Amino acid sequence: MNKVLFFAHLRDAVGEEFLTVDAGGKTVAELKAELAAKYDLPKMDTVMTAVNEEFASNDEVIQDGDEIAFIPPVSGG
């Protein structure tokens, strides 16, 4: 199983700070697409992903037990 963390507007859209899902063997892109469809998440293509607290590309394969975080771009001043 994997812990998936959400930040900013993604947390609001999902309604939870994190979910526990079975993402082992999937790529980051596959997980993004699955969650975007299930929770109607906007603009997942612009979201940064971290696996085990290190930034990851969309083609990285998730291992069982990995922690995944989705971090949308932020703006401010």
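So the check is Cβ under 9 Å with 6+ separation or different chains; which pairs have a first residue in the stretch 30-59 that's assigned to a helix (DSSP H, G or I) and a second one that's among the basic types (Lys, Arg) and at pLDDT 95 or above?
Correct list of pairs: Glu34/Lys26; Met44/Lys32; Asp45/Lys32.
Mind checking which residues of the stretch 60-77 are under 17 Å from His9 (Cα atoms) and either in a helix (DSSP H, G or I) or of a type outside the set (Val, Ile, Thr) (or both)?
Taking the stretch 60-77 and keeping what is under 17 Å from His9 (Cα atoms), we get 68-76.
Within the stretch 60-77, Ala69, Phe70, Pro72, Pro73, Ser75, Gly76 meet the criteria.
Table: residues versus (1) on the phi < 0 side of the Ramachandran plot; (2) of a type in the set (Phe, Trp, Tyr); (3) touching a strand residue (DSSP E or B) at 6+ places or on another chain (Cβ under 7 Å); (4) open to solvent by 50 Å² or more (accessible area, probe 1.4 Å).
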site: Lys3; (1), (2), (3), (4): yes, no, yes, yes
site: Phe7; (1), (2), (3), (4): yes, yes, yes, yes
site: Gly15; (1), (2), (3), (4): no, no, no, yes
site: Ala33; (1), (2), (3), (4): yes, no, no, yes
site: Pro42; (1), (2), (3), (4): yes, no, no, yes
site: Glu54; (1), (2), (3), (4): yes, no, no, yes
site: Ile68; (1), (2), (3), (4): yes, no, yes, no
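Could you tell me whether Ala50 is open to solvent by less than 30 Å² (accessible area, probe 1.4 Å) and within 12 Å of the chain's Cα centre (by Cα)?
yes
The values are calculated or read from the model by the stated rules, or taken from the named source; none is laboratory data. In this text, all values refer to a predicted model and were calculated from it rather than measured experimentally. Every residue, glycine as well, gets a Cβ built from its backbone with ideal geometry; the counts of neighbours run over all protein chains shown. Just the protein is used for accessible areas: all its heavy atoms, side chains included, with ligands, DNA and RNA removed. Shrake-Rupley method; radii C 1.70, N 1.55, O 1.52, S 1.80 Å.
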